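The values are calculated or read from the model by the stated rules, or taken from the named source; none is laboratory data. Predicted model, so just to flag it, every value in this text is computed and none were measured. Every residue, glycine among them, receives a Cβ derived from its backbone with ideal geometry; neighbour counts consider all protein chains shown.
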């Protein structure tokens, strides 16, 4: 394997690990500005604004991985985030 291929594989693994952990970290200011909404990945109380019917805004989700709530994540990582209830989605999931 060439040195370039090894470096590319290492970078890909590092990015994948970072995307998987994105759902468990608080949302950074840069992600809020440059990220994308990813539905179905937030744990209870860790969502960004919009938490579905009967809720007001950030931190109000009552259940883990609700399909109609989102967290902002770095662009291009949403659909790679795996949860116990499936993959992240760029559009709200029906319940």
Inset, instruction - May I ask you to verify whether residue 50 is modelled with pLDDT under 60, surrounded by 13 or more Cβ atoms within 10 Å (Cβ to Cβ) and in a loop (DSSP other than H, G, I, E, B)? - result: yes
Inset, instruction - Please work out which residue is modelled with the highest pLDDT, limiting yourself to region 22-44 and to residues that are part of a loop (DSSP other than H, G, I, E, B), out of contact with any strand residue (DSSP E or B) (no Cβ under 8 Å at 6 or more places or on another chain) and more than 18 Å from residue 93 (Cα to Cα). - result: 28
